[in-house]
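Scroll down for the structure; my scribbles are underneath it.
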Amino acid sequence: MELVYTDAKTEEQCTSLKAAKKLFGGNDALAKSLFARINALKQAETIKDIIVQPTFHFHKLENKGGRNLEGCFAIDVKSRRDQWRIILEPIDENKEPYVPCNIDEISQNVRIVEIMEVSKHYE
């Protein structure tokens, strides 16, 4: 799958071990897990390859705290116990979000995702 990033900061966090460690307060295990997740996303043929793996805990995000997260999803950086998530949005070949984003219907066709952020989304 092709990955695009919302901004340079997010891209650096996902591609530089030093930046990832800084993001996670020096936690080497979380940084390595983030790299493994990013690699798995790149290796996947479509988003469906990620959805079907329970360890990723792929889930839809709800609009919360004034943020419009319609069409956005998250996967765990490491596990359910850790609060860190990779926030992503499926996009089409024109780099536009799917509207409406019915993931069950489009999952076999989604070959590009936008990595929006890596964060403790639920805080």
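What to note about this one:
- Taking Cα centre as origin and charging only the Cβ of basic (Lys, Arg, +1) and acidic (Asp, Glu, -1) residues, the dipole magnitude of the chain rounds to 720 debye.
- Here segment 1-51 exposes an accessible surface that is 48 percent carbon and sulfur, computed with a 1.4 Å probe and the other protein chains kept in place.
- Segment 18-81 shape via C-alpha gyration tensor axes, a/c threshold 1.5: oblate
- Using the rule -39500 (n - 2.57) for each DSSP H run of four or more residues, divided by the residues of the chain, the 222 nm mean residue ellipticity is -8500 deg cm²/dmol.
- 16 Å Cα cut-off, lysine pairs counted over the chain (separation 8 or more, or different chains): 16
- Note on Glu62 and Asn27: their simple-model spin labels are 2.4 nm apart, each label 7 Å out from Cα toward Cβ.
- Considering only beta bridges that DSSP places wholly inside the chain, some 80 percent are antiparallel.
- Subtracting the Cα-Cα distance of Val4 and Asn39 from 0.36 nm times their residue separation leaves 11.3 nm of extension gain.
- Net charge contributed by nearby residues that have their C-beta within less than 14 Å of Asp28 (K/R +1, D/E -1): +4
- Short-range pairs are left out: with C-alpha atoms under 8 Å and at least six residues apart, the relative contact order of the chain is 29 percent.
- For segment 35-123, the residue among Ile115, Pro54, Ile91 whose Cα projects farthest onto the positive side of the dipole built from Cβ charges is Pro54.
- A 1.4 Å probe run over the protein chains yields, for segment 31-123, 56 Å² of accessible area per residue, whole-number rounding.
- Alpha-carbon gyration tensor eigenvalues x 5, square-rooted, for the chain, Å: 22, 16, 14
The values are calculated or read from the model by the stated rules, or taken from the named source; none is laboratory data. Everything quoted here is computed from the prediction, not taken from an experiment. Every residue, glycine among them, receives a Cβ derived from its backbone with ideal geometry; neighbour counts consider all protein chains shown. Keep in mind that these areas ignore ligands, DNA and RNA; they rest on the heavy atoms of the full protein, side chains included. Shrake-Rupley method; radii C 1.70, N 1.55, O 1.52, S 1.80 Å.
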